[in-house]
1. How about segment 57-77: which of its residues are under 30 Å from THR268 (Cα atoms) and either assigned to a helix (DSSP H, G or I) or modelled with pLDDT of 95 or more (or both)?
2. If you take the residues of segment 361-379 that are in a loop (DSSP other than H, G, I, E, B) and at pLDDT 95 or above, which of them is surrounded by the most Cβ atoms within 10 Å (Cβ to Cβ)?
3. Identify all residues within segment 73-93 that are in contact (Cβ under 8 Å) with a residue 40 or more places away in the chain and either over 22 Å from ILE273 (Cα atoms) or not small (Gly, Ala, Ser) (or both); write none if there are none.
4. Please enumerate the residues belonging to segment 118-146 that are open to solvent by 10 Å² or more (accessible area, probe 1.4 Å), over 16 Å from ILE302 (Cα atoms) and away from the ligand (no atom under 13 Å from the Cβ).
5. Would you pick out the residues in segment 90-111 that are assigned to a loop (DSSP other than H, G, I, E, B), within 16 Å of the ligand (Cβ to nearest atom) and surrounded by fewer than 21 Cβ atoms within 10 Å (Cβ to Cβ)?
6. Scanning for something part of a helix (DSSP H, G or I) and of a type in the set (D, E, K, R), does segment 298-319 turn up at least one residue?
7. Quick one: count up the residues across segment 230-262 that are within 16 Å of the ligand (Cβ to nearest atom), modelled with pLDDT of 85 or more and assigned to a loop (DSSP other than H, G, I, E, B).
8. Determine whether segment 389-397 contains at least one residue that is open to solvent by 70 Å² or more (accessible area, probe 1.4 Å) and β-branched (Val, Ile, Thr).
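The values are calculated or read from the model by the stated rules, or taken from the named source; none is laboratory data. Worth saying up front: this structure is predicted, and the values here are computed from it rather than measured. Cβ atoms come from the backbone with ideal geometry, glycine included; neighbour counts cover every protein chain shown. Protein only, heavy atoms only, side chains kept; ligands, DNA and RNA dropped before computing areas. Shrake-Rupley method; radii C 1.70, N 1.55, O 1.52, S 1.80 Å.
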Amino acid sequence: MTAIDNLFAQGVRMVHEEAVDLTLASLRAYWPLHQHVAIAWSGGKDSTATLTLLIHLIDAGHLPQPECLYVFYADTRQELPPIQAAAELIMAKLRERNWIRVIVVHAPLDKRFMVYMLGRGVPPPNNNTLRWCTRQIKVEPMAAALGAAIAALPGTALMITGVREGESAQRDGRIAMSCSKDGAECGQGWYQQVLPEAKGIRGRVATLAPILHWRVCIVWDWLKVYAPQPEFGGWPTSILADAYGGDDAEEINARTGCIGCPLAQKDTALETIIAMPGWSHLAPLAELKPLYRWLRKPAQRIRKAGPERLKDGSLAKNPQRMGPIKLARRSAALEKVLAIQARVNAAAEQFGRPGVDILNGEEEARIRQLIADKTWPEKWDGSEPSADAWLDSVYQDGSVQPILFRDLVGT
Ligand code: SF4
């Protein structure tokens, strides 16, 4: 009898036996090699499937119960409310087991998504040069917490992740390492890449991705059909499958992450949730994505007038690069976010539904303080011209071409 025959006996037929069998085999192979076991959990579909299956395998006696299983949950403060609610319920169930230690990690105040953007003035992240968010609000806090947890303990740790090889990546014969590919969860590949290098844990952490080979339909089956059943743990995971688009999920290739994630083409998960009964009051959150787009536009930002000398005396490659958000625009965006949140919460109260908390009083006060203090990111002081101003063109070699028709543009 294979392990899976055991696992999914009792009249419940699992259609993906080999996949789960392989997962169990990989866990069994690496489990005994480490003194500590930890799991990096983002609250998204892949890591939630990994987490709940892992607990089931331990509860059912297919894996030895570790002395302590560390569960690290990265709370970005920007999660979709039903997904955050599911995470809270899962954490409550995890805490029922005295051998599980749940550690919720947050970025330090000044590095949180809203504070960094609206207080410090760093533009919303994008897929190109300015991808600051994942590392800052997920990976670094997670790595710091793992370092703190095992620093004083002897031995090594096995860090389990929910990294999956996307289906198109499988076809290409390579592993998807970015959250922008294959509908993968934001940051999942980063855990793999970054954690072993983090301070305090260098050389002491091995990572294992036991569902690397799972196709997305197996994830759905586990979250929607099996995990919620009492014999598999009774986990509140079906909302996750629904948020990703349920049966259509494979086609729409949705992923969750921060509300209005500036890196995603569309807010598919939010749109799906708003259309569900009981969550229509979240509709104002759809205004966040356009707000982030607005903040990236030149009229809201300043730019280097160029040419710019670097510390080593060389000329900057992009002498007129666009930079941070103007102070007044940050204030305007702050008011808009607060208004969106207030509208959601007023409707939530009216209908007796859960509200949203993406910007709390402490964060708001810090943003206001940073704006009042005229805070700019490094190498900027606010004296730079508006990014939508007409300027002489400055080239990489330092040469300047004056603008034509200077009289017409009034500079
Ligand atoms: S979901 Fe989007 S905004 Fe949030 S950390 Fe990931 S890439 Fe950044």
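1. The answer is VAL71, and nothing else.
2. Here the residue is TRP376.
3. Residues satisfying the conditions are THR76, ARG77, GLN78, GLU79, LEU80, PRO81, PRO82, ILE83, GLN84, LEU89, ILE90, LYS93.
4. Scanning segment 118-146 gives THR129, ALA144, ALA145.
5. Across segment 90-111, the qualifying residues are HIS106, PRO108.
6. no
7. Number of matching residues: 4.
8. Within segment 389-397 (the criterion being open to solvent by 70 Å² or more (accessible area, probe 1.4 Å) and β-branched (Val, Ile, Thr)), the answer is no, since none of the residues qualifies.
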